[in-house]
Amino acid sequence: MPTWHPEKILDLRIPDNIQLVGEGLLSFIDAEVLPLEKANADLLRNERNLYGPDGRYSAEVLQRRKQIRMKSVEAEYYTALKKIVIGEAHSIRDMPQFSDMPVDDLRLIQAYILDRARAAYDAQQSANAAMSARH
């Protein structure tokens, strides 16, 4: 029969400070990203408008992305991310440091995190709507 060893169980709880950042990020999406998406629905939902003739994002889309990036800088999400990835904010937890990472790469990571947060938020909203529809 297996023996219980609580000291060998991984602690998968999310630290409070990380939860607060996540909640703040979702609030940021509600306050900044969603209104911008709604105001630019024709641009963002139509591939003819979304991409230019060269297959890259159109200038208008890039401008909207820059708006959100600048707002995230104002909200200090970019600064926090920079401290974590480039700085030594989590070196005490043995997280690697990437002090030589170009700022453009950091911005790509930021865009990826915002995209994933948005996808998670959308999934949560869909699940909530499905639950509400069942009741």
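Each value in this text was obtained by applying a stated rule to the coordinates, not by laboratory testing. Small disclaimer: the values here were computed from a predicted structure and weren't measured. Here Cβ is always computed from backbone atoms with ideal geometry, including for glycine, and neighbour counts include all displayed protein chains.
Please arrange Leu44, Leu20 by counting, for each residue, the other beta carbons lying within 10 Å of its beta carbon, fewest first. Display every interim value, and only then the final one.
Details: Leu44 16, Leu20 11.
Going from sparsest to densest Cβ surroundings: Leu20, Leu44.
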| request: With a point put 7 Å past each Cα toward its Cβ, work out how far Ser58 is from Glu76 in nm, to one decimal. | output: 3.7 nm
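At R0 = 25 Å, how high is the FRET efficiency between Glu47 and Gln125 if r is their beta carbon distance? Nearest 0.05 is fine. Kindly include the intermediate steps, with their values, before the conclusion.
Working: r = 24 Å, r/R0 = 0.94.
That gives a FRET efficiency of 0.60.
Please report Asp122, Asp54 as a ranked list, fewest other C-beta atoms within 10 angstrom at the top and most at the bottom. Working shown, then result.
Working: Asp122 11, Asp54 7.
In increasing order of surrounding Cβ atoms, one gets Asp54, Asp122.
Using 0.36 nm per residue, how much length does the chain from Gln19 to Glu37 gain when fully extended, once their Cα-Cα distance is taken away? Don't skip to the answer; put the middle values down first.
Working: separation 18, 0.36 × 18 = 6.48 nm, distance 2.51 nm.
Contour length minus Cα-Cα distance gives 4.0 nm.
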